[in-house]
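The values are calculated or read from the model by the stated rules, or taken from the named source; none is laboratory data. No experiment lies behind these values; they were computed from the predicted model shown. Cβ placement follows ideal geometry from the backbone for every residue including glycine, while neighbour counts extend to all protein chains displayed.
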Amino acid sequence: MNKLLIAIVVAIVLAFGSVFAFEGQMASVHWLGELFLRALKMIIVPLVMLSMITGVAGLGDVRKLGRIGGVTVAYYAVTTFAAVVLGTLLVTFIEPGVGLSHVGLEVPAKVAAKQDIGITDIILGFLSNNVFESMANMQMLPLIVFSLVFGGVLSTMGARGAPLLAVCVAGNEAMMKMVHLIMWAAPVGIFGLIAGRFGKAVGAGGMDAFFSQLAGVGMYMVTVLIGLAIHGLIILPAILWLVGRRRPDQYAKGVGAALLTAFSTASSAATLPMTLEGVEENNGVDPRAAQLVVPMGATINMDGTALYEAVAVIFIAQVLGYDLSFMQQVLVVITATLAAIGAAGIPEAGLVTMVIVLRAVDLPLEGVELILAVDWLLDRFRTTVNVWGDAVGAAVVERVALGGRAVTADPEVAK
């Protein structure tokens, strides 16, 4: 267990303890959390754009990816979309946020104005009249589309595009370092958000309101875990068995160390070396598939994160007492799928990219306060699902794009 995790857990315990001790007075520390939120909001646009541009351009010339590239992208799209739809259905059916107190949060007027959003509005929302205006207003959907296309075009320019790509890569690395710096302030920020949030609840409605908040967050946590369990233990193994022609139990054993590392670090990027080792050496996957699918997946294949973001956003809407229309839920599905592509493989990255989905339906960004008390733990589970999805993808791409397994010196692995 790393130092940051310990610090976050201590901050959460202290936040709850301070509310029990000082009750409504703790609302006064909310500004610490607001400072943390502003830091996250400040980096979201450059972080997502640079991450997507470098991720797509890093694949090489998109015109030359061929069958293996097409199968890889198709696998990512299908599994991520399936995870988002699953999360959306679960949170809509379970309704963990209905009836939960939302002291200090209000539904913006422009949210209600979008209740009658149609399919044409969603299609038009993919593009913007002015990319810089979209940056200023944090209109993330057109920025995602712009970044994906820009990265793809950049990958076709060869030596002419190399200097600009180098700038984007350096900028992305700098943004990653900024994220790490901000996350070191996370314990203080999370303490302020949780203590302030529940302090307001206690001050407005007494301890009953406080326990009501906790109970609601508990149901939200259960909803996310159910979704991750279904996706990780049923959907992905079924794909591995039916398409990849592998026994899920044996394959999971081969990448077991990577899955445990993912849970302990909450970072798919940090787990990457172990994932590659488990996929190639322990499970005998063709390196041509493994060395494309796994590193690429650590950047853009985030099934668990996508599911979590869809559940979280609809949960926040439920807490606010606002029923998202069907088309708004479709927008959440689309945006959460795309936002998962921009989620960095680092701890708590889902909190950053959740801004994209919240902005898509104009819900208040402060809504993330409602889920911070349990996010540190859910982050471990969703990262494990992310890494498991990457590992499964390597076997699927090997079977579909390359026609079978590589020859290996280990006869047991080659079977």
Looking at (1) free of Cβ contacts under 8 Å to residues at least 24 places away in the same chain; (2) of a type outside the set (D, E, K, R); (3) crowded, with 23+ Cβ neighbours inside 10 Å, which is the one condition that is false for Ala312? (1)
How many of the residues in the range 236-269 are farther than 25 Å from Met176 by Cβ and outside any helix (DSSP H, G or I)? 5
Which one of these is modelled with pLDDT under 80, touching a helix residue (DSSP H, G or I) at 6+ places or on another chain (Cβ under 8 Å) and surrounded by fewer than 17 Cβ atoms within 10 Å (Cβ to Cβ): Met207, Met178? Met207
Pair list, Cβ under 6 Å, 6 or more apart: the range 153-171 residue of a type in the set (S, T, N, Q) and surrounded by fewer than 12 Cβ atoms within 10 Å (Cβ to Cβ), other residue modelled with pLDDT of 90 or more and assigned to a loop (DSSP other than H, G, I, E, B): none
In the range 328-371, the residues that are over 16 Å from Gly87 (Cα atoms), in a helix (DSSP H, G or I) and either modelled with pLDDT of 75 or more or among the small types (Gly, Ala, Ser) (or both): Ala349, Arg359, Ala360, Gly367, Val368, Glu369, Leu370
Is it the case, given these coordinates, that Lys3 is surrounded by 17 or more Cβ atoms within 10 Å (Cβ to Cβ), modelled with pLDDT under 80 and either basic (Lys, Arg) or in contact with a strand residue (DSSP E or B) (Cβ under 6 Å, 6 or more places away or on another chain) (or both)? no
Could you list all residues from the range 303-327 that are under 16 Å from Thr223 (Cβ atoms) and either part of a loop (DSSP other than H, G, I, E, B) or polar (S, T, N, Q) (or both)? Thr305, Gln318, Leu324
Pairs, first within 12 Å of Val279 (Cβ to Cβ) and in contact (Cβ under 8 Å) with a residue 40 or more places away in the chain in the range 237-259, second basic (Lys, Arg) and assigned to a helix (DSSP H, G or I), C-beta under 7 Å, six or more apart: Gly244/Arg399
Looking at the range 234-249, can you tell me whether even one residue there is at pLDDT 80 or above, under 19 Å from the mean Cα position of the chain (by Cα), under 24 Å from Asp379 (Cβ atoms) and surrounded by fewer than 23 Cβ atoms within 10 Å (Cβ to Cβ)? yes
Within the bounds of the range 128-141, is there any residue that is assigned to a helix (DSSP H, G or I) and over 26 Å from Pro364 (Cβ atoms)? no
Within the range 302-325, take every residue that is aromatic (Phe, Trp, Tyr) and modelled with pLDDT of 85 or more and give me the one that is nearest to the chain's Cα centre (by Cα). Tyr308
